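Input: a single structure, listed below in structure tokens.
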Amino acid sequence: MSSRHEATGQPTSRSASPIYSRIAGTGSYLPPKRWSNEDLVAWLADRGVQTSHEWIVERTGIEARHFADPDVTASELGLQAAIRAIEAANCSAADIDLIICATSTPDMVFPSTACLVQKKLGVHGCPAFDVQAVCSGFVYAMTVADAMIRAGSVKRALVIGSEVFSRILDFKDRTTCVLFGDGAGAVVLQASDEPGIVASRLHADGQYADILCTPGTVKGGEILGDPTLKMDGQAVFKLAVNVLDQVAHEVLDEAGRTPDSIDWLVPHQANIRIMQGTARKLRLPNSRVVTTVDQHGNTSAASIPLALDHAVRSGLIQRGQSLLLEGVGGGFTWGAVLVDY
Ligand code: UT7
């Protein structure tokens, strides 16, 4: 066992026996306003943009998404998901000693969305920061939190993925605006003598920065460049299918396991064809792929924790099962986390 600080219960140094991190609780939140494909198609048609429910479903599997009201920010969605995860973990906000928020749609340039969630939770003093790895953000954030827990400096981490992608969509560009939605998910990761997170692997390749980006920035008090999302969908699609398969095998190899040991694939929810293609390569039936893209659309860094929480709360995912979380997105970034839940 590791030595613990008497007052705080926090580990005081690296322990002789390993510390692992386990998922103690999950939570999620969707803004109430649901937009079916039919709603969005009609709204876009009024603005001269032609698309159809049939195209969206056939190419992506998306049937609906949620959009936040204009005054609702990523920290607000993240807060709601965090409250639910903390409750599910049977602890209180005061027990949290690290907050990481994965987001590409922060409330402001700074401070971080994690600091704003911390303020809204009414807690003080623990480290809080954002991770920016777009749709891979949640697996990046989980991996960082896991490393800090295993190093012994943190006992209980709140890991959030929260996005209001509706803010950065160009609703005149039908190739992107039908794909994304808003939402948040969160987990409480807790130090444990048993795994937990058994393996994780992260990657990036900045040479592909241009195929998925929001190139605008702030300069001299003005927005410089285009602040809306741009994507070469086919280039992203091809890269995604390959890297997701590679990174799945990397974490399985690291853990000494085979694909058939995975009870649930919990992939980034961008496109049902990519998700099922990844499962096919791993020889997993589609029935073992947690799927929420149909109802949520692509919520970027929020999609994995949203899918995870929905599967936990609906009873699909059970304690003791093995989960493979996989993310891929702008950067280009990708990664996977293998979890014994
Ligand atoms: O979250 C980060 C990761 N992101 C992803 O993983 C997204 C990866 N990419 C994709 O999911 C797919 O590439 C898309 C869903 C974005 C597009 O599907 P696609 O099968 O690659 O379609 P496409 O881009 O090849 O377009 C096919 C046709 C085009 O028309 P033409 O040139 O064949 O006449 C498009 O103009 O579909 C047209 N099209 C649309 N038609 C109706 C594109 N968007 C729409 C639309 N409605 N919304």
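Bear in mind that the values in this text are calculations on the coordinates, not laboratory data. Please read all numbers here as calculations on a predicted model, not as lab measurements. A quick note on method: Cβ atoms are made from the backbone with ideal geometry, for glycine too, and the neighbour counts reach across all protein chains shown.
Per DSSP H run of at least 4 residues, take -39500 (n - 2.57); add these up for the chain, divide by its residues and hand me the 222 nm value, nearest 500 deg cm²/dmol.
Helix contribution divided over all residues of the chain: -9500 deg cm²/dmol.
Please name whichever of Thr105, Phe138, Cys91 sits farthest to the positive end of the charge dipole of the chain, dipole taken about the Cα centre and charges placed at Cβ: Lys and Arg +1, Asp and Glu -1.
Cys91
Taking amide H positions as placed in the peptide plane 1.01 Å from N, state which residues far from His66 in sequence (5 or more) or on other chains have amide H under 5 Å from it.
Amide H neighbours of His66: Trp35, Asp182.
Can you give the angle from 0 to 90° between the axis of helix 74-88 and the longest principal axis of the chain, with both taken from C-alpha atoms, to the nearest 10?
40
I need the shape label for region 233-293. Rule: rounded when a/c is under 1.5, else prolate if a/b > b/c, else oblate, with a, b, c from the alpha carbon gyration tensor.
Taking the square roots of the gyration eigenvalues as a ≥ b ≥ c, region 233-293 is oblate.
For region 20-193, what does the alpha-carbon gyration tensor say about shape, rounded, prolate or oblate, given a ≥ b ≥ c as the root eigenvalues, a/c under 1.5 as rounded, and a/b over b/c as prolate?
On the way: a/c = 2.48, a/b = 2.21, b/c = 1.13.
Since a/c reaches 1.5 and a/b is larger than b/c, the shape of region 20-193 is classed as prolate.
Ranked by Cβ crowding within 10 angstrom, fewest neighbours first, how are Asp170, Asp146, Asp226 ordered?
Numbers: Asp170 16, Asp146 25, Asp226 13.
Listing Asp170, Asp146, Asp226 from fewest to most nearby Cβ atoms yields Asp226, Asp170, Asp146.
Quick one: the Cα spread of region 198-340 along its three principal axes, in angstroms, biggest first?
So the extents along the principal axes, rounded to whole Å, are 53, 30, 25.
For Cα pairs less than 8 Å apart in space and 6+ apart in sequence, what is the mean separation divided by the residue count of region 286-339, i.e. the relative contact order in percent? Don't skip to the end; give the middle numbers.
On the way: 33 pairs, mean separation 13.5, N = 54.
The value is 25 percent.
Relative contact order of the chain: what whole-number percent is it, with Cα pairs under 8 angstrom and at least 6 residues apart?
On the way: 860 pairs, mean separation 82.5, N = 341.
Here the relative contact order equals 24 percent.
When a/c reaches 1.5 or more, the comparison of a/b and b/c decides; with that in mind, is region 145-281 rounded, prolate or oblate per its Cα gyration tensor? Each step should come with its number before you reach the end.
Values: a/c = 2.20, a/b = 1.44, b/c = 1.53.
Taking the square roots of the gyration eigenvalues as a ≥ b ≥ c, region 145-281 is oblate.
If you build a Gaussian network model of the chain, linking Cα atoms that sit under 10 Å apart, which residue out of Arg47, Arg34, Arg84 swings the most?
Among Arg47, Arg34, Arg84, the largest mean-square fluctuation in the Gaussian network model of the chain belongs to Arg47.
If you put +1 on each Lys and Arg Cβ and -1 on each Asp and Glu Cβ, how big is the dipole of the chain around its Cα centre, in Debye rounded to 20?
Values: 29 positive and 37 negative charges, 78 e Å.
That gives a dipole near 380 debye.
Give a residue-ordered list of calculated ³J(HN,Hα) values for region 193-203 (Karplus: 6.51 cos²θ - 1.76 cosθ + 1.60, θ = phi - 60°; whole Hz; x for Gly, Pro).
For region 193-203, the Karplus-derived couplings read 7, 10, x, x, 6, 9, 6, 8, 8, 10, 9 Hz, x marking Gly and Pro.
Under 8 Å for C-alpha pairs, at least 6 residues apart: give me the relative contact order for region 76-175, rounded to a whole percent. List each step's numbers first, then the result.
Details: 143 pairs, mean separation 37.3, N = 100.
Reported as a whole number, the value is 37 percent.
Say the dipole of region 197-340 comes from +1 at the beta carbon of Lys and Arg and -1 at that of Asp and Glu; which of Ala270, Val243, Val290 then lies farthest toward its positive end?
Working it through, the farthest residue towards the positive pole turns out to be Val290.
In a GNM of the chain with a 10 Å cut-off on Cα contacts, which of Ala128, Ala151, Ala85 has the highest mean-square fluctuation?
In the Gaussian network model the winner is Ala151.
Strictly over 23 Å apart at the Cα level, which of Lys33/Lys219; Lys33/Lys119; Lys238/Lys281; Lys119/Lys230 would you flag in this model? Walk me through the numbers on the way to the answer.
On the way: Lys33/Lys219 33 Å; Lys33/Lys119 26 Å; Lys238/Lys281 14 Å; Lys119/Lys230 33 Å.
Too far apart for the 23 Å limit: Lys33/Lys219; Lys33/Lys119; Lys119/Lys230.
Which three extents, in angstrom, do the Cα atoms of the chain have along their principal axes, listed largest first?
Principal axes ranked by extent give 65, 49, 39 Å for the Cα atoms.
Just to be sure I understand: of the beta bridges DSSP finds with both ends in the chain, what percent are antiparallel, rounded to 5?
About 75 percent, rounded to the nearest 5.
Which whole-angstrom value gives the distance between the alpha carbon centres of region 232-275 and region 156-207?
Cα centroid to Cα centroid, the span is 15 Å.
So for the pair Ala204, Asp71, with labels modelled 7 Å out along Cα→Cβ, what separation do we get in nm?
The answer from the label model is 3.6 nm.
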